[in-house]
Structure formats: structure tokens, C-alpha cells
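The values are calculated or read from the model by the stated rules, or taken from the named source; none is laboratory data. Here the structure is a predicted model, which means the values were calculated and not measured. Here the Cβ is made from the backbone with ideal geometry for all residues, glycine too, and neighbour counts use every protein chain on show. In case anyone asks, the SASA skips ligands and DNA or RNA and just uses the protein heavy atoms, side chains included. Shrake-Rupley method; radii C 1.70, N 1.55, O 1.52, S 1.80 Å.
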Amino acid sequence: MKLLHINASIMGDKSVTRQLSQDIVDHYINENPSAQVITYDLDKNPIPFLSSASFTDKTEQAIAEKTLNDFLESDIIVIGTPMYNFGIPAQLKAWVDRISVAGTTFKYTENGPQGLITDKKIVIASSRGSAYGPETAHLDHQEKHLQSVFGLFGLTGDAVQIIRAEGVNLAPDAAEKEIAKARTKIPALA
Ligand SMILES: Cc1cc2nc3c(=O)[nH]c(=O)nc-3n(C[C@H](O)[C@H](O)[C@H](O)COP(=O)(O)O)c2cc1C
């Protein structure tokens, strides 16, 4: 079993999503001690943004190929991502741009796009300072964005699971409470 562990928060050890994503990885390693884990710290080692150089730069192309292959070869992908300005961090978007490859993770057909990935599990450790209930759900371009991308690949429903700590900045003790609440949901992850 191969597990890809990705973190995007800029907050280092204080990060809510880094703590939660590590707990999620530990959960899967407990279940499968021989699991091979590949870790991407997109804060310390950012992936280059797509640009005109992407068509010619050999170093960048090698990074792009490895990034895509690591995704394709993994059975479980655990992503720690905060909400930044209603969306995902730019460094995580740079990763998304490398795995969204027409002809590999999805294809265009006469009937619209079709997913080409069937055998993966995605677990998102999500955190946001505010809370996004029914009244403000339309502002969520973080979890919804990732669900859209993985849905494009064919990963829908239970294939994408979310462990969420939200409203963490709404009160002084909110983060601690939300992390504790989110942790109780990890043992039930399939
Ligand atoms: C640059 C930046 C932008 C943020 N934008 C939002 C936002 O749009 N909505 C929100 O609810 N929280 C926002 N937050 C708060 C974070 O989502 C929240 O603190 C989260 O717990 C961070 O996760 P982390 O601790 O793993 O870094 C932002 C924080 C930062 C640093």
C-alpha cells in the first residue's frame, strides 16, 4: 500500500491541518504497518507554478512527471489544507495543476469530461478560521474545489473523505476544541 501525504499550511508545527493530516496518516499506518509513505511539504518544497516555461524547462518537467507519478502510484492520498481567502493555498493549487492532466487523470469526450481514476482514496484534513454552514457554504472554494477536481478524475462519494476543524479562529479555545472533535472522527476512516 502506498500513501501520499501532502501538506500545504505555512504555519509549521502550529498548523491545525498538519496535526490532523499526521493523525490520519498514523491511522492508516496502524492498519497497515508496511505502508510506504511519500511526503510532500509544499511550504518547504513548493512545486513550480504553471507558466510558459513549463513547456520547455526540463527541470520543471521532471518535477511535473514525478508529481503526477507519485499521485498515480498512490492508493491513499492524505491532504492537509487550510482555507486561504476562501480557496486552497496557492502552493496546493500548483500541485493540483500537475495532477490534472487530460488523457491521464481525466479525458474529454463528446459527452463531456470523463474520469480515468477509479482506485484511490482521498482524505482531506481541512481547517478554516470561520465556519461554513448552510448560510455561507457558497463561500467554500476550498473543500468544494478539491471535491470538484477529484470528481473530475472519477473520485466521488466515499472516495473523498473530509476530516474538518472549522471555526478555529472564532474563539480563543476554539482551535483546541475543534481539533479534539475532528480527531474523534479519524478512527472511523475507511
Ligand atoms: C493567508 C490566510 C488566509 C486565510 N483565509 C481564510 C478564509 O478565507 N476563511 C477562513 O475561514 N479562514 C481563513 N484563514 C484562517 C485559516 O483557514 C485557519 O487559521 C486554519 O486553521 C489554518 O490552517 P493551518 O493551521 O493548518 O495553517 C486564513 C489564514 C491565512 C494565514
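A few notes on this one:
- Breaking point among (1) within 16 Å of P82 (Cβ to Cβ); (2) outside any helix (DSSP H, G or I), for E135: (1)
- Test result for Q161, more than 16 Å from the ligand (Cβ to nearest atom) and open to solvent by 70 Å² or more (accessible area, probe 1.4 Å): no
- Test: residue in the range 175-185 that is closer than 19 Å to I99 by Cα and either away from the ligand (no atom under 16 Å from the Cβ) or not small (G, A, S) (or both): no
- Applying the criterion of at least 1 residues that are aromatic (F, W, Y) and loosely packed, with under 14 Cβ neighbours inside 10 Å to the strands (runs of 3 or more DSSP E) found wholly in the range 1-114 leaves 106-109.
- Just one of the numbered conditions (1) part of a loop (DSSP other than H, G, I, E, B); (2) touching a residue at least 60 places away in the same chain (Cβ under 8 Å) is not true of S126: (1).
- Considering (1) under 17 Å from L20 (Cβ atoms); (2) surrounded by fewer than 17 Cβ atoms within 10 Å (Cβ to Cβ); (3) in contact (Cβ under 8 Å) with a residue 12 or more places away in the chain, the lone condition that T184 does not fulfil carries the number (3).
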